[in-house]
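All remarks here apply to the structure that follows.
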2 protein chains.
Amino acid sequence: MENKLDHADCPVTATIALFGGRWKLIILYVLSKNTRRFGEIQVRLPSISKKVLTEQLRELEADGLISRKQYKELPPRVEYALTDFGKSLCPLLIDIAAWQRKNIDNLIKVR
Amino acid sequence: MENKLDHADCPVTATIALFGGRWKLIILYVLSKNTRRFGEIQVRLPSISKKVLTEQLRELEADGLISRKQYKELPPRVEYALTDFGKSLCPLLIDIAAWQRKNIDNLIKVR
DNA sequence: AAAAGTGGTAACCTAAAAGTGACTAATGGA
DNA sequence: TCCATTAGTCACTTTTAGGTTACCACTTTT
């Protein structure tokens, strides 16, 4: 019989973990247009709190998708940008969006 | 200035909602190989409970990705299979897995 | 002297997702 | 008579993600 399976070592699950969750995709989207300061990201997300934004940025950074550059100024200035690895994700996201457009008619309305 | 953004109407978010979560991907994977009975799916997933498996199957069915066929027998027999819509997802999942293989070296080990 | 500006942290709370263990219906077989 | 079988349901607890509010550091501006 086939081996037993677990989501933990599913490559697709691992990939989606990079950009899944409530905010990561739009953060990546914002940064795909421009390098941005913390506050600039925040105003583009209608309702995210500082704590959550910080968390998401830290995780994206830990996964190597974005970079964080802190200037020695006061008041503080920190700039976030996509890394090359982060940029490599964009075509994949475009593929996913393309599938959605092609299959939107089959999509059942939201539960 | 650009409009404010929200994940709610992101097409990629909507797509991922179909197969995101802890178990849906491997369930789809199992069914991509064969039509399976409830119990057959369960033994292939090492640690899923009946309750959670039932929930996931119901959601996949509600989203039109799988079909459920119940036979009038006792003990009961129920067979799950990918729908055509479910099958249309497979190439996308293969794309995602391909991206992962190509970029696996950049992937930081699990947090 | 006080307030504004920036990028956070700390303590706490909440809702949703996931998990657990016991229970069920109806039949065939020992 | 009683047990096994299958695909669940029910009530409950735990875990996780996300959210709220208050506070801080240090300098410049008012």
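Here, each number is a calculation from the coordinates, and none is a lab measurement. Quick caveat: nothing in here was measured; it's all calculated off a predicted structure. Cβ: placed from backbone, ideal geometry, glycine included. Neighbour counts: every protein chain shown.
Assorted remarks:
- Shortest-first distances to equivalent copies, position A:P76, nm, label 7 Å out along Cβ: 5.5
- Of A:K72, B:K102, the sequence from fewest to most neighbouring Cβ atoms within 10 angstrom is A:K72, B:K102.
- Compactness of region A:23-103 is given as radius of gyration and Dmax, 13.6, 50 Å, from Cα positions.
- Cα-based shape type of the protein assembly as shown, given that a ≥ b ≥ c are square roots of the gyration tensor eigenvalues and the cut on a/c is 1.5: prolate
- Packing-based exposure ordering (other Cβ within 10 Å, fewest first) of B:D95, B:D9: B:D9, B:D95
- Charge dipole (Cα centre; +1 on Lys/Arg Cβ, -1 on Asp/Glu Cβ; no other charges) of region A:40-111 amounts to roughly 260 debye.
- GNM top mover of B:Q100, B:Q42, B:Q70 - chain B, alpha-carbon springs below 10 Å: B:Q100
- Each helix, a run of at least 4 DSSP H residues, gives -39500 (n - 2.57); summed and divided by the residues of chain A, these come to -16500 deg cm²/dmol at 222 nm.
- GNM remark for chain A: springs join alpha carbons under 10 Å apart, and the peak mean-square fluctuation among A:L53, A:L25, A:L92 falls on A:L92.
- Whole-Å distance, taken between Cα centres, linking region B:1-79 and region A:1-68: 24
- Distance between the 7 Å Cα→Cβ label points at A:Y71 and B:K87: 5.7 nm.
- Legend: ranking of residues A:V43, B:V30 from fewest to most surrounding C-beta atoms inside 10 Å; resulting order A:V43, B:V30.
- One chain, two ends: A:K33 and A:D6. Fully extended at 0.36 nm per residue, the span grows by 6.1 nm beyond their Cα-Cα distance.
- Within a Gaussian network of chain A (alpha carbon springs, distance under 10 Å), most fluctuating of A:I96, A:I66, A:I48: A:I96
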